[in-house]
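Comments concern the structure below.
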Amino acid sequence: MLNSAHQQMIPILYNLFMYMLWTIFMMPISLMTKGLLIIMGWSLIDTKTYDRLSKHDRSVVVFSHTTNADFWIFTLYMLSYPYHVHHLTTLIKPQAFKYFGYVLDTMGAIPSAKIEDRNAGVVDRIVGELEKYKKFILFLSPKGSCVKNQWRSGYYHIAKKSEANILVAGLDYEHMKVVVSKHISYKEEEPVVRTFLQNKLKNIVPLYPEEEVVQIRPHDPNMRRIIDIENAFLMTLYILAAYYYLSY
């Protein structure tokens, strides 16, 4: 029979074992995806950006969404920082769960609402999902899609009911980096929150600014890209040269 001290050690040892297993599995994936982001020309997340994103235990993040490429780059960043963003989640169209349900569930994704279900207790369902977590960072687009639509207020009601502070974050396709704003309290009125968020959103350049409801800051349209071709070409040459040098 195990005494009480030994019984208390079992969950500690189990968690330690799972952490080691997770580290062994995720470390090579993290290194590969960071390398891929660098080759594509995207900047890695610095300490200041991460601290802003994780400042509060509960946050609702409004992000600029104008292309499906957002999801794939977002996924690369998640895989690059698995220990930092393990409590990060997002809303995904429910149709995607039909084909990629296991992967999306593993990533912590939550099904969003179908158009016909907008008023069918969707906010309460999402809040109920979030209540499972002590900490969370929920990414969502108030437009509900990557095409130009007026903001819906669901993001605000989700934040208010789950007592989560609100901020703006997004992929800046001009500077090819993640941008994170300061937070605003969920206790503020919705018009105040909306104005604050839209003012912050103006400073993040999406891939297709014409699909946003806010006027994006002046920028060079030719600098908006998913991949920096010149950087990718040079990085590939460096990798091949290094491989050749080490092989002989």
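The values are calculated or read from the model by the stated rules, or taken from the named source; none is laboratory data. All values derive from a computational prediction rather than experimental measurement. As a convention, Cβ positions derive from the backbone with ideal geometry for all residues, glycine included, and neighbour counts pool all protein chains shown.
The set of residues in region 62-81 that are under 12 Å from the mean Cα position of the chain (by Cα) and not in a helix (DSSP H, G or I) comprises Val62, Phe63, Ser64, His65, Tyr81. Within region 23-48, residues that are over 21 Å from Leu240 (Cβ atoms) reach partners that are surrounded by 13 or more Cβ atoms within 10 Å (Cβ to Cβ) and among the charged types (D, E, K, R) with beta carbons closer than 6 Å, at six or more positions or on different chains, in the pairs Ser43/Lys177.
In region 25-47, which residues are of a type in the set (Phe, Trp, Tyr) and under 21 Å from Tyr173 (Cα atoms)? It would help to see each step written out before you state the result.
Let us first name the residues in region 25-47 that are of a type in the set (Phe, Trp, Tyr), namely 25, 42.
Selection gives Trp42 alone.
Can you work out which of the residues in region 153-178 that are within 16 Å of the chain's Cα centre (by Cα) and farther than 15 Å from Ile137 by Cβ is surrounded by the fewest Cβ atoms within 10 Å (Cβ to Cβ)? Filtering first and then ranking leaves Lys177.
Just for region 165-224: of the residues that are of a type in the set (Val, Ile, Thr) and assigned to a loop (DSSP other than H, G, I, E, B), which one is farthest from Leu130 (Cα to Cα)? If you could, list the steps in order and put the result at the bottom.
Looking only at region 165-224, we keep the residues that are of a type in the set (Val, Ile, Thr), and these are 166, 168, 178-180, 184, 192-193, 195, 204-205, 213-214, 216.
Next, from what is left, pick out any that are assigned to a loop (DSSP other than H, G, I, E, B): 204-205, 213-214, 216.
Numbers: Ile204: 27, Val205: 29, Val213: 28, Val214: 28, Ile216: 31 Å.
Per the stated criteria, the residue is Ile216.
Among the residues here, Tyr186 does not qualify as within 13 Å of His65 (Cα to Cα), of a type in the set (Phe, Trp, Tyr) and crowded, with 16+ Cβ neighbours inside 10 Å.
Per the conditions (1) among the basic types (Lys, Arg); (2) at pLDDT below 95; (3) not in a helix (DSSP H, G or I), the sole criterion not satisfied by Lys161 is (3).
For Ser181, state whether it is under 14 Å from Thr49 (Cβ atoms) and either out of contact with any strand residue (DSSP E or B) (no Cβ under 9 Å at 6 or more places or on another chain) or surrounded by 21 or more Cβ atoms within 10 Å (Cβ to Cβ) (or both). Don't jump to the end; show me each part of the working.
Values: under 14 Å from Thr49 (Cβ atoms): yes; either out of contact with any strand residue (DSSP E or B) (no Cβ under 9 Å at 6 or more places or on another chain) or surrounded by 21 or more Cβ atoms within 10 Å (Cβ to Cβ) (or both): yes.
For Ser181, the condition - under 14 Å from Thr49 (Cβ atoms) and either out of contact with any strand residue (DSSP E or B) (no Cβ under 9 Å at 6 or more places or on another chain) or surrounded by 21 or more Cβ atoms within 10 Å (Cβ to Cβ) (or both) - is met.
Looking at Ser59, is it of a type in the set (Gly, Ala, Ser), at pLDDT 80 or above and either outside any helix (DSSP H, G or I) or closer than 30 Å to Glu210 by Cβ (or both)? Yes.
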